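Written below as structure tokens is the structure these notes are about.
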Amino acid sequence: MVRFENVGLRYGLGPEVLRDLTFELESGAFHFLVGPSGAGKSSLLQLLYLARRPTRGLITLFDRAVLKVPRRELPALRQRIGVVFQDFRLFDHLSAFDNVALPLRLKGAKETEIRKHVSELLTWVELGDHLDALPPTLSGGQKQRVAIARAVIARPRLLLADEPTGNVDDRIAMRLLHLFVELHKMGTTVVIATHNLELVSRFRYPELRLENGEIKQVRASAQRDARPGIEAAAGRG
Amino acid sequence: MAGHIRVLPLDRDDSRRYLPWIVAVMVYLAAMTLAGAMATASMASRWQTGLTGALTVQLQPAAETQANDGRMEAVLSILRADAAVASAEPVDEEKMLGFIQPWLGRDGLTLDLPLPRLVDVRLHDRASVDLVDLAARLEAAAPGTSVDDHARWLTGILKLARVIRFIAFGTVALIAAAAITVLVFATRAALAVHKDGIALLHIMGARNRFIAREFQVAALAQGFRGGLIGLLTALATLVALGGAGLNTDIGILPQVTLTTLQWLVLAALPPAAGAVALITARLTVLSVLARLA
Ligand SMILES: Nc1ncnc2c1ncn2[C@@H]1O[C@H](COP(=O)(O)OP(=O)(O)OP(=O)(O)O)[C@@H](O)[C@H]1O
Ligand SMILES: [Mg+2]
């Protein structure tokens, strides 16, 4: 699904922020990406959602060498990736409904289907009463749910989330994480970057730890959340 | 394009709000230029139809003025005997004085001023006369006559009309070029203003065509709206010009009016402005995005 070979990234003439990353994520895997602030988690995710090119090395995504994909084929590749940005990045003048519908519209889905699926998903994240609300009128947690709904609506093959629980309390954080677990159960590969080690420790998913621009693959040790669904899901990762 | 949900708020930023007004000014100038050129063209063509098939015979005043020396009768009888001539009428002296008055003033018009006498000759449709032969016969019967078929004057008028048309089209082309330049820069400015939204759309897998459509929809609306404002202002100006008397018949000038087709040309300006704006926006966006890494 995802393979990095000796990948390096630097900004301008600065030092390498990511050094010699070599790792592989299997299809259907679920990983937490952890590491101190400034370690390069967001930078790594940006490489994954094709917002940046590595300064060296080889990235393979969906069995394609990213640098060799012709530009006109990039949109199709990107449509298979769902991204939750730390700062949501919703379109402020589009309703919650239209924000969530956007990935489907980009894929050219039928308007009747869009209406059904988007309403369903927004109801599922308990925003059924806020379909027409504009993002600036929503609370932080509500915006976060819109952002997550937008990332998952088109059933991406790869879901990337950068601090998706950064601004919400633990209770909501757990609920949102379970959304990703549900998606993961349907076969999506999930990578979640987070500072919240306490939260990570409640799930039995492997961690990717970034330190000094290098990566270490670590298995989660704690298993405080031992619910069967999560156990089963973790077994595949 | 009709069902396109607009993602980028292109109507809300300043770089785009002034566009309709620029388009309005451009369309106003284009409309006025075209109206002027088209009025000149129809004026010239009316002169042409009015003057072909017509001759003017001029009878120089004799040195010793005599109101009736018989030459006029001789000229008229020769002309009326000619098979090509439909009618030959002496131009009324009062009417002649009316033509001249604007140049000489009423005071200059004394009856002792020797004036040439004119005969207005109409030919049968498609009939032609040998001007040299006719002039010779008239001169023999009545010395001091000359025949004018208006050819030189008409050629001059038509040439002038062609030059005016050429200048008008050139002016409209320049206006269009200026409008397109402004649209290109405005589109680039808008691309810069919305670069975050565009980057986000790209990350979500939007194709450049989708992003271009955002700009096209906005450009079409703004171009058309601006065109409409410009055209309505131009029409108001034309109506005001008509009201100011420039359209009224002053002496020999035919009336300045436009044909239905010419009105349609003016009416096509707002859609044309919209189309030009749309195409310019599309090409600009696609070329800028193609160069983006
Ligand atoms: N656009 C940029 N230009 C220059 N340097 C950058 C840029 N973005 C990030 N960096 C640098 O790259 C390094 C890694 O940043 P990154 O945002 O990837 O870290 P992070 O692990 O996501 O941190 P955090 O946990 O605080 O979000 C930092 O030293 C940062 O200063
Ligand atoms: Mg970060």
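Every read-out reported here was derived from the displayed coordinates using simple, explicitly stated rules and does not represent laboratory data. This one's a predicted model, so the numbers in the text were calculated from it and none came from an experiment. FYI the Cβ positions are ideal-geometry reconstructions off the backbone, even for glycines, and counts take in every protein chain you see.
Summary of computed values
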{"quantity": "Per-residue HN-Hα couplings for the stretch B:24-32 [Karplus 6.51, -1.76, 1.60; θ = phi - 60°; Hz; x = Gly/Pro]", "calculated": "4, 4, 4, 5, 4, 4, 5, 5, 5"}
{"quantity": "When the stretch A:36-84 is reduced to its Cα atoms, the Kirkwood hydrodynamic radius in Å", "calculated": "11.7"}
{"quantity": "Approximate shape of chain A as ellipsoid semi-axes (Cα gyration tensor, √5λ), whole Å, largest first", "calculated": "28, 22, 17"}
{"quantity": "Within-12-Å neighbourhood charge of B:T145 [Cβ basis; K, R +1; D, E -1]", "calculated": "+1"}
{"quantity": "Rg/Rg_ref, the stretch A:38-165, where Rg_ref = 2.2 N^0.38 Å and atoms are Cα", "calculated": "1.12"}
{"quantity": "Stretch gain in nm, segment B:E89-B:F166, where the contour uses 0.36 nm per residue and the Cα spacing is subtracted", "calculated": "23.9 nm"}
{"quantity": "Estimated FRET transfer efficiency when R0 is 60 angstrom, pair B:S287-B:A140 (beta carbons, to 0.05)", "calculated": "0.20"}
{"quantity": "Of A:K68/A:K107; A:K41/A:K68; A:K68/A:K116; A:K68/A:K143, those spanning more than 29 Å from alpha-carbon to alpha-carbon", "calculated": "A:K68/A:K116; A:K68/A:K143"}
{"quantity": "Mean ellipticity per residue at 222 nm, deg cm²/dmol - from DSSP H runs of n ≥ 4 across the protein assembly as shown, formula -39500 (n - 2.57)", "calculated": "-17000 deg cm²/dmol"}
{"quantity": "GluC sites (Glu not before Pro) within the stretch A:119-187: DSSP coil, no more than 13 neighbouring Cβ in 10 Å", "calculated": "A:E126"}
{"quantity": "Principal-axis tilt of helix A:170-185 within chain A, Cα atoms, nearest 10 degrees", "calculated": "80"}
{"quantity": "Longest to shortest principal axis, alpha-carbon extents of the protein assembly as shown, angstrom", "calculated": "134, 46, 40"}
{"quantity": "Rounded to whole Hz, the Karplus (6.51, -1.76, 1.60) HN-Hα couplings of the stretch B:186-202, x for glycine and proline", "calculated": "5, 5, 5, 4, 5, 4, 5, 4, 9, 5, 5, x, 5, 4, 5, 4, 4"}
{"quantity": "Degrees between helix A:111-124 axis and first principal axis of chain A (Cα, 0 to 90, nearest 10)", "calculated": "80"}
{"quantity": "Summed residue charge, Cβ within 12 Å of A:V168's Cβ, Lys/Arg positive, Asp/Glu negative", "calculated": "+1"}
{"quantity": "Calculated Rg and Dmax of the stretch A:101-177 using C-alpha coordinates, Å", "calculated": "12.7, 37"}
{"quantity": "J(HN,Hα) series, the stretch B:158-173, from Karplus relation 6.51 cos²θ - 1.76 cosθ + 1.60, nearest Hz, glycine and proline x", "calculated": "5, 5, 4, 4, 4, 4, 4, 5, 4, 4, 5, 5, x, 5, 4, 4"}
{"quantity": "Residue-count net charge about B:L118 - beta-carbon cut-off 12 Å; Lys, Arg +1, Asp, Glu -1", "calculated": "-3"}
{"quantity": "Separation of alpha-carbon centers, the stretch B:192-227 and the stretch A:78-121, rounded to whole Å", "calculated": "18"}
{"quantity": "Tilt relative to chain A, helix A:96-106 - C-alpha long axis, 0 to 90 degrees, to 10", "calculated": "60"}
{"quantity": "At 0.890 mPa s and 25 °C, Stokes diffusion of the stretch A:1-77 via Kirkwood alpha-carbon radius, µm² per second", "calculated": "187"}
